[in-house]
1. So the check is Cβ under 9 Å with 6+ separation or different chains; which pairs have a first residue in the stretch 3-15 that's assigned to a helix (DSSP H, G or I) and a second one that's crowded, with 17+ Cβ neighbours inside 10 Å?
2. Being part of a helix (DSSP H, G or I) and closer than 10 Å to residue 4 by Cβ is the filter; apply it to the stretch 63-87 and report the residue that is nearest to the chain's Cα centre (by Cα).
3. Between residues in the stretch 70-82 that are farther than 12 Å from residue 9 by Cα and residues that are part of a loop (DSSP other than H, G, I, E, B), which pairs lie under 8 Å by C-beta distance while being six or more apart or on different chains?
4. Across the stretch 37-62, what is the number of residues that are in contact with a strand residue (DSSP E or B) (Cβ under 8 Å, 6 or more places away or on another chain) and in a strand (DSSP E or B)?
5. Just wondering, is there one or more residues in the stretch 20-36 that are at pLDDT 95 or above, in a strand (DSSP E or B) and surrounded by 12 or more Cβ atoms within 10 Å (Cβ to Cβ)?
6. For the list (1) modelled with pLDDT of 95 or more; (2) on the phi < 0 side of the Ramachandran plot, I need the number of the one condition that residue 71 fails.
7. Out of the residues in the stretch 33-47 meeting the condition of being more than 18 Å from residue 20 (Cα to Cα) and touching a residue at least 24 places away in the same chain (Cβ under 8 Å), tell me which one is farthest from the chain's Cα centre (by Cα).
8. Hey, can you tell me all the residues within the stretch 42-59 that are out of contact with any helix residue (DSSP H, G or I) (no Cβ under 8 Å at 6 or more places or on another chain), loosely packed, with under 15 Cβ neighbours inside 10 Å and either at pLDDT below 95 or closer than 21 Å to residue 11 by Cα (or both)?
């Protein structure tokens, strides 16, 4: 299992619009990515968010990177800072 964590800033005044777009278009795009097992997004502060994506392997995460960049590009209008990404192999889980 491989985890990718992405943090970024977003426009709080447009959160409803962003979530609606994610439900209408982004959800199906993410579901179509091979090896992507789950995606959770959470607010970590005013205008700050974190996405936790779980993949079946590092190879799947690497192969998905181009598609993920396109998705982030589609959501750029809502972002106030560039995404910062950290990732790694899971070494322990509950």
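1. Taking only residues 6 or more apart or on different chains, the pairs are 14/78; 15/78.
2. Per the stated criteria, the residue is 68.
3. 72/83
4. 16
5. So far as the stretch 20-36 goes, yes, one or more of its residues are at pLDDT 95 or above, in a strand (DSSP E or B) and surrounded by 12 or more Cβ atoms within 10 Å (Cβ to Cβ).
6. (1)
7. The extreme case among them is 46.
8. 42, 43, 44, 45, 52 - these are the residues of the stretch 42-59 that are out of contact with any helix residue (DSSP H, G or I) (no Cβ under 8 Å at 6 or more places or on another chain), loosely packed, with under 15 Cβ neighbours inside 10 Å and either at pLDDT below 95 or closer than 21 Å to residue 11 by Cα (or both).
The values are calculated or read from the model by the stated rules, or taken from the named source; none is laboratory data. Quick caveat, the model's predicted, so the values are computed rather than measured. All Cβ positions, even for glycine, are placed from backbone atoms using ideal geometry, and neighbour counts span all protein chains on display.
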